[in-house]
Ligand code: NAD
């Protein structure tokens with residue numbers, strides 16, 4: 001037995017148990033057991049070949065069935081996401097819509113990226129490129145989009161003919177279970193889709209299991225780097241890493257100060273800053289600082305922070321738990337103690353619950369700024385004097401997920417686009433809210449060059465090239481001696497004895 005404390009309450013848990021609580025209220029939401037990794041992988045191994053051999057149309061029928069079930073359950077599903085993550089109900093609805101739309105996007109992407117292709121070969125032969133599934137793919141999910149992001153790996157993996165073992169985040173097991181039940185109720189066969197609950201230890205056991213053919217991961221860079229190391233001597237297994245960012249947003253010359261403030265606030269504080277693409281660093285032209293920062297502050301002061309089902313609907317809810325909230329407020333204080341000047345303090349408006357008010361801090365004078373992802377509503381501001389310095393500052397990170405320029409000219413955007421090291425580069429748009437119909441991934445510590453979303457099809461199957469002819473007709477044209485045909489006379493001559 002061990003004890004876990006949540007908001008001053010303690011609840012007894014057995015070693016094998018997992019519990020999740022609603023961040024907004026502290027109420028217990030879900031209780032279950034950690035999964036059996038061996039059993040799940042074994043089941044998936046036994047199931048994948050049959051699933052892969054089934055006609056594509058039958059696999060598509062099942063995943064389309066899943067989409068229609070998710071549509072019917074949209075409100076129930078969104079309510080659960082809001083309860084378990086704390087995100088506003090309106091936002092959870094958009095997450096469920098993304099889950100539903102993922103099916104059509106993935107069907108199109110499968111056809112576009114990995115369908116059969118024929119091309120000319122030698123006379124009498126045909127060449128073809130076809131794709132095969134890997135076999136058993138493990139999927140590790142994060143807590144911030146507990147349905148949309150694992151689903152973004154699972155649906156393309158299933159369409160391609162893989163079996164899946166899914167481990168949801170230990171912070172969002174209820175949403176993981178709901179998603180799994182939707183797959184099963186839509187007729188995706190038992191053992192083709194499997195779920196194992198548990199935390200990092202379960203994730204480790206799954207990722208190290210000999211029986212998987214690959215791992216599709218969405219989560220933090222620290223976990224992703226550890227997994228990359230672990231897979232270093234396993235080139236036989238596919239590893240797709242979707243990790244975090246320390247994303248810049250540059251504000252340059254623009255008459256649209258209010259809209260610029262809106263784009264910055266959306267980038268930094270939507271989902272309480274718990275988006276991989278959230279803007280962490282606002283890079284601003286020195287001469288704009290005194291007009292823009294008050295505009296931004298005025299706007300942020302008006303953002304409603306509240307319970308997911310609250311009225312009026314909140315802009316943002318709490319972060320996922322008190323540990324994360326504590327870590328963020330401590331980070332804010334650490335930035336201050338190392339030379340940061342607070343513009344807007346990060347506070348805890350509701351005692352004992354993980355709600356945070358958005359924090360904004362000017363870190364221009366800090367000697368060394370930490371290049372880490374602070375995963376919450378915390379925006380660091382850096383003043384620069386010219387546009388080259390702004391681009392340098394934007395790239396002053398080991399990460400490379402998203403980057404936006406607000407304002408500026410077309411020529412400046414071209415320079416920004418050409419010089420930015422990021423997988424998402426936007427102009428007069430937020431850093432977040434990328435389309436599922438496009439590839440999504442980052443460079444540097446943000447990913448391992450296996451982008452997801454529309455390109456997820458690429459890592460769910462491998463290409464097989466075939467050269468084919470109906471009969472084995474062949475000849476050697478060059479480098480062949482004439483055949484020496486022995487005459488019957490020579491063979492039977494008495495002299496040859
Ligand atoms: P996390 O890395 O803590 O956990 C992700 C998953 O990995 C969880 O299921 C967890 O149990 C498991 N895990 C943890 N340690 C493990 C280990 N050593 N071995 C195997 N599995 C392990 O991430 P999180 O805190 O749940 O999610 C937030 C992070 O995810 C942020 O960094 C965010 O930027 C990132 N993220 C990235 C994307 C993207 O698409 N690039 C999208 C959303 C979130």
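Coordinate-derived values only; no laboratory data. These figures come from a predicted structure and were not determined experimentally. Heads up, the Cβs are rebuilt from the backbone with ideal geometry, glycines too, and the neighbour counts pull from every protein chain shown.
Listing for the model above:
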quantity	calculated
Global geometry of the range 117-192, whether rounded, prolate or oblate, following the gyration tensor of its Cα atoms and the 1.5 cut on a/c	prolate
Protection-proxy order for peptides 363-369, 94-100, 325-331, each taking the mean of Cβ atoms within 10 Å per residue, highest first	94-100, 325-331, 363-369
Stokes-Einstein D (µm²/s) once Rh is taken as the Kirkwood radius of the chain over alpha-carbon pairs, at 20 °C in 1.002 mPa s	86
Helical contribution to [θ] at 222 nm, DSSP H n ≥ 4, -39,500 (n - 2.57), averaged over the chain, rounded to 500	-11500 deg cm²/dmol
Ratio of the Cα radius of gyration of the range 247-435 to 2.2 N^0.38 Å, where N counts its residues	0.97
The range 300-363 pair-distance distribution - Cα-Cα, 10 Å bins, rounded %	22, 48, 26, 4
Label-point separation in nm, residue 410 to residue 97, each point 7 Å along Cα→Cβ	3.1
The range 331-391: Cα Rg divided by the 2.2 N^0.38 Å rule of thumb	1.24
FRET efficiency for residue 27 and residue 258, using Cβ-Cβ distance with R0 set to 35 Å, rounded to 0.05	0.35
Whether the range 386-441 is rounded, prolate or oblate, judged on the alpha carbon gyration tensor where a/c under 1.5 counts as rounded	oblate
Cα gyration tensor shape for the range 58-136, rounded if a/c is under 1.5, else prolate or oblate	prolate
Gained length - residue 469 relative to residue 429, 0.36 nm times residue gap less alpha-carbon distance	9.1 nm
Stretch gain in nm, segment residue 368-residue 333, where the contour uses 0.36 nm per residue and the Cα spacing is subtracted	11.1 nm
Alpha-carbon centroid distance for the pair the range 237-294 / the range 193-224, whole angstrom	31
Protection-proxy order for peptides 163-172, 278-287, each taking the mean of Cβ atoms within 10 Å per residue, highest first	163-172, 278-287
Residue-span extension gain [residue 127 to residue 104] - 0.36 nm each, minus C-alpha spacing	5.3 nm
